[in-house]
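Every read-out reported here was derived from the displayed coordinates using simple, explicitly stated rules and does not represent laboratory data. Since the model is a prediction, treat every value here as computed from it, not as a measurement. Using ideal geometry, Cβ is built from the backbone for each residue, glycine included, and neighbour counts are taken over all protein chains shown.
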C-alpha cells in the first residue's frame, strides 16, 4: 500500500468499475472536503456490507435478514415467482412496481462455454421451492425474466423443460422494441421478435 | 441510515460527484463481489484519509507528513514558487514533469461576490514565505498558475501587486490555443489571447 493517504484512496477508488485515474482522484478530494462523517459513514458501510449481507434461504436474494424482506412480506403474492439472473435485475423489476409476487435469483445464467452449468447457478434451489412442501407449494406461475441473450434464453428454455411437466405455468417476459425507440434503427432480431410477439388491440 | 446494507452503501456512493443512483448501485455490487480485502482496504483508506492528511506548513499542500514531500525534496529548486488554486491543480502541474521548483496552494481564488477575499485563501502564508527569513528567502520567481477565469485572473493580479515591489519576478502561465485545437472553433477570448501572447520563432 502506498504511504500517501490520498494516493492510496485514489488507487482503491480507481479499481471501481467505470472509475478512471482522474475520476478516482476527484472522488478522493471530494471525500477530503466533505464533513468527516461522510468518510467514516462510507467506511462503516463498506465494512458492514460484507459482514451483514448473505443469501436469502428462500429466493437467494442478497439480504441482511433471512428470509429477505420480499419473501417475508405477507402482501406479496406467493403464487408467482419471477426468476432473474442477478440482484440488480431483481431491483430493476422492483422499480417498475409492476410485479407483486416473489423472486428467485439464479446468480448467473447457463453458459457451458464458460463452464457455468445447472449446478453453478441457483437452479436446485428454485426446483426445491417448486417441488417442496414449504411455503411455496402454492406456486402457479414462474415468470422467467432472464436477459434476452444467448445465455439468458438457454436458461429460460432449460427452466421451462424442468418446471412445465409439474403443471406450473411458465411465462417469459416480452421482447420487442424499447419504449421511445425508432423502428428504422431497430436491429433485425429485436424487430422480428417484436413482430412475432405482436398482440391483439 | 437505512438498515439494508446494500441500500446504505448505494446511498453513500451516490453522494460522490458524478455518481448517480444506478452507478452507485453498480459500485455497491462490485464491492460485494470483490474479495473481502477490497472493502476493508477501502474502508481503512477512508478512515485514515481524514486522520492523516493535513496542510504542509510551508506550501499548504495536502500531506501526511509536514513538510510535504515536495518541500522536503532537496532536488527541487527553492528559488521558484508555482502558485496554484488547489491540490488537483498542483498534481496537474506535477504530471507535466516540466516544473522542478516548489509550490504554494491557495485553496481558492479571490471572488468577492462569493465572500472570498484575501483572508479566505492562503495568501498570508505565501507572503510570509517570500518576506520571511525561512528556507524560502531565496525565492527569485513566482509563477502564477491560477485558472484563466475571472477569479483566477483577479487573484493573479492581486498577487502580482503584492509581490513585485519586493523585487521578485512574477510570471503568469501562458494562455492560448490548447494542443490539437482547431483555430476555426476557438472562442474569441482564447484566440485573441493566443495572438497577443505570440512568441518569436
Label point 7 Å beyond Cα along the C-beta direction, distances from residue A:196 to other copies (nm, shortest first): 6.9
Can you tell me the length gained on complete extension of the stretch residue B:57 to residue B:168, counting 0.36 nm per residue apart and subtracting the Cα distance? 37.8 nm
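Set the Förster distance to 60 Å, then compute FRET efficiency between residue A:161 and residue B:120 from the Cβ-Cβ distance, nearest 0.05.
Efficiency, rounded to the nearest 0.05: 0.25.
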Could you state the angle between the C-alpha long axis of helix B:36-52 and the longest principal axis of the C-alpha atoms of chain B, as a value from 0 to 90 degrees rounded to the nearest 10? 40 degrees
What is the helix-to-structure angle for A:21-33, meaning the angle in degrees between its Cα long axis and the longest Cα principal axis of chain A, kept from 0 to 90 and rounded to the nearest 10? 70 degrees
Order by neighbour count: A:116, A:70, B:189, fewest other Cβ atoms within 10 Å first, most last. B:189, A:116, A:70
Per residue of B:17-26, how many C-beta atoms from partner chains lie within 10 Å of its own C-beta, taken as a mean? 3
Please give the FRET efficiency for residue B:147 paired with residue A:77, using the beta carbon to beta carbon distance and R0 = 56 Å, rounded to the nearest 0.05. 0.45
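In terms of the Cα gyration tensor, with a ≥ b ≥ c the square roots of its eigenvalues, is segment A:77-172 rounded because a/c is under 1.5, prolate because a/b exceeds b/c, or oblate? Walk me through the numbers before you get to the answer.
Values: a/c = 1.73, a/b = 1.19, b/c = 1.45.
Note, shape of segment A:77-172 comes out oblate.
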Exposure proxy order (Cβ contacts within 10 Å, fewest to most) of B:93, B:83, B:163: B:93, B:163, B:83
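Work out, step by step, the length gained on full extension between residue B:128 and residue B:65: first 0.36 nm times the residue separation, then minus their alpha carbon distance; give nm to one decimal. List each step's numbers first, then the result.
Working: separation 63, 0.36 × 63 = 22.68 nm, distance 2.08 nm.
That works out to 20.6 nm of additional length.
Determine by what factor the alpha-carbon radius of gyration of chain B differs from 2.2 N^0.38 Å, reporting the quotient. Before the final figure, lay out the partial values.
Details: Rg = 21.4 Å, N = 201, 2.2 N^0.38 = 16.5 Å.
The value comes to 1.29.
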Label points 7 Å out from Cα along the Cβ direction at residue A:100 and residue A:192: separation in nm? 3.9 nm
7 Å along Cα→Cβ for the label point: how many nanometres lie between residue A:88 and each equivalent label in the other copies, listed shortest first? 2.5
